[in-house]
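Trainee: One structure, pasted below without further comment.
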């Protein structure tokens, strides 16, 4: 290959494959320099360059020209290797740039084979892997079958790229809805959130920007046509489409469907909610192995406790008795007891309408930590009316008075004890003095 042919080849590859011409020539220069140094056993400073216009190769050792005619075949081989490497790197970079922008989208491919438990998928231009943890439990992957999956990760691995697919990620379901429901792609319907236990059940919350459009009905489609396609893709996985609601209580009610909910009480400070259902709806609300309430809790971001009316009544009665004891002791007022009962969750009263001083004993009793105490104090300032504040202040003042009197009584008792002890010590001292005098007189009598 002469110099002009060599440069035409570099120009052609650079143009056709989108590779940088200068980078190709620089790589060839570095590779030829190493080869020439070994070939001529150079001891001095060896340099080599390629003319960018003519393609002529010039080499020098200590500024003296070196004849490279014997490198003819070596030049061709080195150039070929460098160009092939650059082509592989260039294709890798092009593929990487293409697929890294498609992370989070769904692609179709053909199953090639399995390596142990990993499924190898042909995407056309490259291959991808479906790792065991990204496979839906129970699915069978047969070679030659078409498969759809989410592009989950894209990494560079040496001269290749590694594309990881997923069929278990919640975004896979979201993307399937986007593909099957045009209103989602157009932005009329919005997917608020999605939670999933792959292969078993998914809950997806949707909302509409157009009040004339029913988000749930639109996602289901005419006679279930849209949801059927999505469920066919996911096998036996059940999908609950939940209408999103801004009100937490309503959103919790929606999330627990198909169970019917009687009422919901929740505490936003603790992100905790108590859901009351009838006895016959209790198994449906909880779901098999707690699946329904577990997914609802993840979707709403509330810790949800589900109980029947009988269980709630029993808990409320126990709580009332506990709180009445605090009322009788003057630690809380009647109205505070009622607020606490109204906000009662799972046997642990929320100390809602109390000031910092009046909750001390109760906080200790229910083992609330410092962060919770501060939240309750902040909440109390928003809940109490001026009249209720005055009543709380009166309770606090009365309790402080009782404590002050108790301290005074303790001090008086201590003073009395000290006085008696001092008197006893003085009596003992006097008795010892009298005994000493008696002994002294007795000794004088004996001497006489």
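Throughout, read-outs are computed from the coordinates displayed, never taken from laboratory work. Everything numeric here is computed off the predicted structure, so don't read it as measured data. Cβ atoms come from the backbone with ideal geometry, glycine included; neighbour counts cover every protein chain shown.
Trainee: In nm, to one decimal, how far is the modelled label at residue 45 from the one at residue 93, with both set 7 Å along Cα→Cβ?
Mentor: In this crude spin-label approximation the distance works out to 3.1 nm.
Trainee: Moving to a separate point now. When the Kirkwood radius is taken over all Cα pairs of region 154-284, what Stokes-Einstein diffusion coefficient follows at 37 °C and 0.692 mPa s, in µm²/s? Numbers along the way, then the final one.
Mentor: Numbers: Rh = 16.7 Å.
Here the translational diffusion coefficient equals 196 µm²/s.
Trainee: Further, regarding this structure: Using 0.36 nm per residue, how much length does the chain from residue 148 to residue 30 gain when fully extended, once their Cα-Cα distance is taken away?
Mentor: On the way: separation 118, 0.36 × 118 = 42.48 nm, distance 4.46 nm.
Roughly 38.0 nm would be gained on extension.
Trainee: A further question on this structure: Hey, can you rank 208-215, 321-328 by average C-beta count inside 10 Å, highest first? Walk me through the numbers on the way to the answer.
Mentor: Working: 208-215: 13.0, 321-328: 14.5.
The densest-packed peptide leads the list: 321-328, 208-215.
Trainee: Which semi-axes, in whole Å and largest first, does the equivalent ellipsoid of region 121-211 have when worked out from the alpha carbon gyration tensor as the square roots of 5 times its eigenvalues?
Mentor: Equivalent ellipsoid of region 121-211: 28, 16, 12 Å, largest first.
Trainee: Rounded to the nearest 0.05, what FRET efficiency do residue 279 and residue 303 have when you use their Cβ-Cβ distance and R0 = 30 Å?
Mentor: The value I calculate is 0.85.
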